[in-house]
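Novice: Below is one structure. I have some questions about it.
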Amino acid sequence: MSPTIYAFLFLLLFAGLLAYFTVRVRAGARPALRRIRAFEVLRELMDRAIESGRTLHLSVGVGGMGDRTTADSLAGLSVLNYLTEQAAETGVAPIVSMADPTLMLFAQNAIRGAYGDNQIEAQEAYRHVRWIAPQAAAYAAGVMSILSLEDAKANVMVGNFGDEYLLIGETAAWRKVDHVGGTSDPNTLPFIYASAQETLFGEEIYAAGAYLSRIPAHLGSLITQDAMRWLVALIILGGILVTTLNLGWIWPIMAVLAVIILGSIAMSSLR
């Protein structure tokens, strides 16, 4: 078979597993997720801000939509969805900042969905969505001003960031602001780790919808990705054995192992 057919079969298997696990979650199954401390702290930040009478700042990064930074920007918007749901219940809207104007529209749409028919509070929450500047350095200066002048209790930064993160992180640390950050850029992660109380490393930011909002499709996607990682590992191992040792008979064994592993993941991940 051609590589295209193999790719199609792989995609078909992924879609099938995703649909199966999503349906199971919607039916009430409880997925067993590993503990990520940053998400636990993030759930508490809005409560801390309300108790202190101060605001919370969320940055969705310097990325945009439609380019290589889209995935990180969507991760930041997932965090925004969770925070706006809490804000709609408490009446305290977070300050949301971004460097790309297209993200401003998505942020306003998230607020609209959280507040529903309560247009008066939604309009008030819109005032806290701020497009600062498209240049990274100028955006960092704007966020530093927010942290200083708005007297923010907490600072959450999830999205695409570069060297400008260090300027913002240093300001948050200097003002003793509760700080959670995350990005997929390995060059920026050391800055986050050095300045934030809790860090989301790499692909952890893409799990925000599953950990925070418990969205069934996101939970099903996490379990499906774990299953497919095991499958890919078995295929690579089988290919190495066949190529180096000429063990063509190993493929049926690998197929049985794959079925066993997928079954065990389905049973252990969903309770």
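The values are calculated or read from the model by the stated rules, or taken from the named source; none is laboratory data. Keep in mind that what you see is a predicted model, and the values were worked out from it rather than measured. For neighbour counting, all protein chains shown are included, and Cβ atoms are generated from backbone atoms with ideal geometry for every residue, glycine included.
Novice: Looking at D163 and the list (1) over 24 Å from A38 (Cβ atoms); (2) acidic (D, E); (3) in contact (Cβ under 8 Å) with a residue 24 or more places away in the chain, which single condition is not satisfied?
Specialist: It fails just one condition, (1).
Novice: Looking at (1) among the basic types (K, R); (2) more than 23 Å from the chain's Cα centre (by Cα); (3) over 23 Å from L200 (Cα atoms), which is the one condition that is false for R112?
Specialist: Condition not satisfied by R112: (2).
Novice: State whether the residues of the range 174-181 include one that is assigned by TED's automatic domain parsing to the domain that holds S97, farther than 21 Å from S145 by Cα and charged (D, E, K, R). Before you say what the answer is, go through the steps one by one.
Specialist: Narrowing the range 174-181 to residues assigned by TED's automatic domain parsing to the domain that holds S97: 174-181.
Still in the list and also farther than 21 Å from S145 by Cα: none.
No, the conditions are met nowhere in the range 174-181.
Novice: Assuming R54 fulfils every condition listed in (1) part of a helix (DSSP H, G or I); (2) over 24 Å from G202 (Cα atoms) apart from one, which condition is it?
Specialist: Result: R54 fails condition (1) only.
Novice: So H179 clears everything in (1) over 15 Å from T55 (Cβ atoms); (2) buried (at least 24 other Cβ atoms within 10 Å of the Cβ); (3) of a type outside the set (A, V, I, L, M, F, W, C); (4) in contact with a helix residue (DSSP H, G or I) (Cβ under 6 Å, 6 or more places away or on another chain) except one condition, right? Which one?
Specialist: H179 satisfies every listed condition except (1).
Novice: Follow-up question, since we're still on this one. Which is surrounded by fewer than 20 Cβ atoms within 10 Å (Cβ to Cβ) and either in contact (Cβ under 8 Å) with a residue 24 or more places away in the chain or not aliphatic (A, V, I, L, M) (or both), of A93, A99, A71, A107? Even if it seems obvious, please write down each step before you answer.
Specialist: On the way: A93 fails: surrounded by fewer than 20 Cβ atoms within 10 Å (Cβ to Cβ); A99 fails: surrounded by fewer than 20 Cβ atoms within 10 Å (Cβ to Cβ); A107 fails: surrounded by fewer than 20 Cβ atoms within 10 Å (Cβ to Cβ).
Only one candidate passes the filter, namely A71.
Novice: Let me ask you something else. Against the definition (within 23 Å of I205 (Cβ to Cβ) and surrounded by 13 or more Cβ atoms within 10 Å (Cβ to Cβ)), how does A32 come out, yes or no?
Specialist: Details: within 23 Å of I205 (Cβ to Cβ): yes; surrounded by 13 or more Cβ atoms within 10 Å (Cβ to Cβ): no.
No: the conditions fail for A32.
Novice: Looking at (1) at pLDDT 85 or above; (2) touching a strand residue (DSSP E or B) at 6+ places or on another chain (Cβ under 8 Å), which is the only condition A49 fails?
Specialist: (1)
Novice: In the range 168-190, what count of residues is obtained for those that are of a type outside the set (G, A, S) and closer than 17 Å to V60 by Cβ? I'd like the intermediate steps shown before the answer.
Specialist: Pass one, the range 168-190, residues of a type outside the set (G, A, S): 168, 170-171, 174-180, 183, 185-190.
Those left that are additionally closer than 17 Å to V60 by Cβ: 168, 179-180, 183, 185, 188.
Looking only at that region, the number is 6.
Novice: Starting from the range 182-206, take each residue that is without any contact (Cβ under 8 Å) to a residue 24 or more places away in the chain and list its partners that are aliphatic (A, V, I, L, M), counting only C-beta distances under 7 angstrom and pairs at least six apart or across chains.
Specialist: What qualifies is F201/L189.
Novice: Among the residues of the range 91-140, which ones are under 19 Å from V156 (Cα atoms) and aromatic (F, W, Y)?
Specialist: Of everything in the range 91-140, those that are under 19 Å from V156 (Cα atoms) and aromatic (F, W, Y) turn out to be F106, Y126, W131, Y139.
Novice: I would also like to ask the following. Out of (1) closer than 27 Å to S148 by Cα; (2) buried (at least 20 other Cβ atoms within 10 Å of the Cβ), what's the single condition that is false for G209?
Specialist: (1)
Novice: Here is a follow-up. Give the residue, chosen from L18, L45, that is touching a residue at least 40 places away in the same chain (Cβ under 8 Å), in the same structural domain as S264 (by TED's automatic domain parsing) and surrounded by 14 or more Cβ atoms within 10 Å (Cβ to Cβ).
Specialist: Working: L45 fails: in the same structural domain as S264 (by TED's automatic domain parsing).
Just one listed residue meets the conditions, L18.
Novice: Please work out if V41 is assigned to a helix (DSSP H, G or I), in contact with an Asp or Glu (Cβ under 9 Å, 6 or more places away or on another chain) and farther than 30 Å from Q135 by Cβ. Explain how you work it out, then say what you get.
Specialist: Values: assigned to a helix (DSSP H, G or I): yes; in contact with an Asp or Glu (Cβ under 9 Å, 6 or more places away or on another chain): yes; farther than 30 Å from Q135 by Cβ: yes.
It is true that V41 is assigned to a helix (DSSP H, G or I), in contact with an Asp or Glu (Cβ under 9 Å, 6 or more places away or on another chain) and farther than 30 Å from Q135 by Cβ.
Novice: So which residues in the range 66-110 are within 13 Å of P134 (Cα to Cα), not in a helix (DSSP H, G or I) and not hydroxyl-bearing (S, T, Y), if there are any at all? Can you show your working first?
Specialist: Keep residues of the range 66-110 that are within 13 Å of P134 (Cα to Cα), which gives 97-104.
From the residues that got through so far, the ones that are not in a helix (DSSP H, G or I) too are 97-100.
Answer for the range 66-110, where residues must be within 13 Å of P134 (Cα to Cα), not in a helix (DSSP H, G or I) and not hydroxyl-bearing (S, T, Y): M98, A99, D100.
Novice: Right, here's the next one. Consider F8 carefully, then state whether it is part of a helix (DSSP H, G or I) and either under 14 Å from the mean Cα position of the chain (by Cα) or touching a residue at least 12 places away in the same chain (Cβ under 8 Å) (or both).
Specialist: Details: part of a helix (DSSP H, G or I): yes; either under 14 Å from the mean Cα position of the chain (by Cα) or touching a residue at least 12 places away in the same chain (Cβ under 8 Å) (or both): no.
Criteria not met by F8.
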